[in-house]
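The values are calculated or read from the model by the stated rules, or taken from the named source; none is laboratory data. Just so we're clear, the structure is a prediction, and the values are computed from it rather than from any experiment. Methodologically, a virtual Cβ is constructed for each residue, glycine included, from the backbone with ideal geometry; neighbour enumeration extends over all protein chains shown. Quick note on the areas: whole protein, heavy atoms, side chains included, nothing else; ligands and nucleic acids left out. Shrake-Rupley method; radii C 1.70, N 1.55, O 1.52, S 1.80 Å.
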Amino acid sequence: MKTFIIKNWNKLLLVAFTLIALGFALTFTIDENAKKLVDDSFKQAVIVFGSAKALNAVISLAQGTELNLPFVIVSVGEVLDPINDLVEQFSLVMLASMVSLGIQKILLNFVTNDIYNYILFAFIIVFNIWLFKRFTNDEPLRNLFFRTTFILLFLRFSIPLIGYINDFSYTYFVKPEYNIENLNQNIIKVKEEVSKVNQETIIQKEESSFINKVMEKFDSKYYEKKIEEYKNAVDNSSEYMIDLIIVFVFQTILLPIVFLFLLYSFVKSIFNIRKA
């Protein structure tokens with residue numbers, strides 16, 4: 001018995017490793033937590049995307065607000081053009097983030113599905129038997145089967161791990177400086193401020209007397225005041241949106257790209273292993 005253990009210690013180590021991994025694969029608590037983390041990230045992205053579209057709507061309304069000067073019509077909302085361009089780009093980033101998170105949810109459902117677990121279970125059982133029981137001219141098929149088993153194991157744990165890595169990196173490294181909840185609240189406040197200026201401008205135009213309207217036409221301070229109100233309403237909004245872009249690009253685009261690179265490197269290394 002001792003001789004068998006010494007002679008086959010590496011095979012026994014593989015048996016222990018694969019069986020422990022299989023046990024974790026059948027522990028659905030890990031999967032449920034990972035799904036919850038991805039779902040929470042997706043909901044958060046949807047909320048921020050909604051805030052961005054709402055801001056885009058009120059800015060578009062402001063851009064259509066016109067004030068009549070003598071012989072010319074001025075759209076005071078045009079001062080918001082650069083912000084609106086940034087909002088549209090920000091919306092595209094958020095859309096890409098939601099697509100990325102949606103794909104992660106699909107992949108997570110795939111590797112945590114019962115069918116996938118049954119396939120993995122069968123592969124590990126055959127793998128452990130094939131470690132000790134050899135057949136005639138089985139080397140090529142055996143090597144391919146072993147590599148496939150390790151790839152299935154890698155996918156089974158690495159995809160759920162993305163959710164944990166995202167949550168850990170955000171909580172301990174990103175959130176102290178780029179808090180999504182606070183940044184989103186700031187975006188909502190900007191939207192409310194722009195909407196407030198819009199409403200005040202519309203009401204003021206509707207309620208002004210004929211004489212006041214005539215005087216306003218020749219009062220440059222009135223136009224300067226309105227432009228200043230819009231500038232103040234969107235103050236720091238660019239910073240908020242850029243901060244959110246940084247967070248979501250890091251979490252939903254950069255980290256998945258790193259994962260794909262690691263997957264490629266792992267698969268490449270597995271198939272480049274020399275025959276034992």
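Considering each of Ser75, Ser91 in turn, give the residue that is of a type in the set (Ser, Thr, Tyr) and at pLDDT below 90.
Working: Ser91 fails: at pLDDT below 90.
The conditions single out Ser75.
Hey, does segment 79-99 have a residue that's more than 30 Å from Tyr230 (Cβ to Cβ), without any contact (Cβ under 8 Å) to a residue 40 or more places away in the chain and assigned to a helix (DSSP H, G or I)?
Of the residues in segment 79-99, the ones more than 30 Å from Tyr230 (Cβ to Cβ) are 99.
Subset that is without any contact (Cβ under 8 Å) to a residue 40 or more places away in the chain: 99.
Going one step further and asking which of them are assigned to a helix (DSSP H, G or I), we end up with 99.
Checking segment 79-99: at least one residue is more than 30 Å from Tyr230 (Cβ to Cβ), without any contact (Cβ under 8 Å) to a residue 40 or more places away in the chain and assigned to a helix (DSSP H, G or I).
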(request) Among the residues of segment 127-171, write down those that are free of Cβ contacts under 8 Å to residues at least 40 places away in the same chain and assigned to a helix (DSSP H, G or I). (result) Ile129, Trp130, Pro140, Leu141, Arg142, Leu144, Phe145, Phe146, Thr148, Leu152, Phe168, Thr171
(message) Please determine whether any residue of segment 244-267 is of a type in the set (Gly, Ala, Ser), crowded, with 17+ Cβ neighbours inside 10 Å and at pLDDT below 90.
(response) no
(message) I need every pair where a residue in segment 264-276 that is of a type in the set (Val, Ile, Thr) has its Cβ under 8 Å from the Cβ of a residue that is open to solvent by 90 Å² or more (accessible area, probe 1.4 Å) and at pLDDT 75 or above, sequence separation at least 6 or different chains.
(response) none
(request) Quickly run through segment 91-110 and pick out the residues that are under 21 Å from Asn33 (Cβ atoms) and open to solvent by 70 Å² or more (accessible area, probe 1.4 Å). (result) Ile103, Ile106, Leu107, Asn109, Phe110
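Could you say which residue among Ile103, Ile129 is within 30 Å of Ser41 (Cβ to Cβ) and out of contact with any His (no Cβ under 8 Å at 6 or more places or on another chain)?
The match here is Ile103.
Residues are listed down the side, and each one gets a yes or a no for (1) within 30 Å of Ile59 (Cα to Cα); (2) surrounded by 16 or more Cβ atoms within 10 Å (Cβ to Cβ):
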{"site": "Pro140", "(1), (2)": "no, no"}
{"site": "Phe146", "(1), (2)": "no, yes"}
{"site": "Phe150", "(1), (2)": "no, yes"}
{"site": "Leu155", "(1), (2)": "no, yes"}
{"site": "Ile162", "(1), (2)": "no, yes"}
{"site": "Thr171", "(1), (2)": "no, no"}
{"site": "Asn184", "(1), (2)": "yes, yes"}
{"site": "Val194", "(1), (2)": "yes, yes"}
{"site": "Val197", "(1), (2)": "yes, yes"}
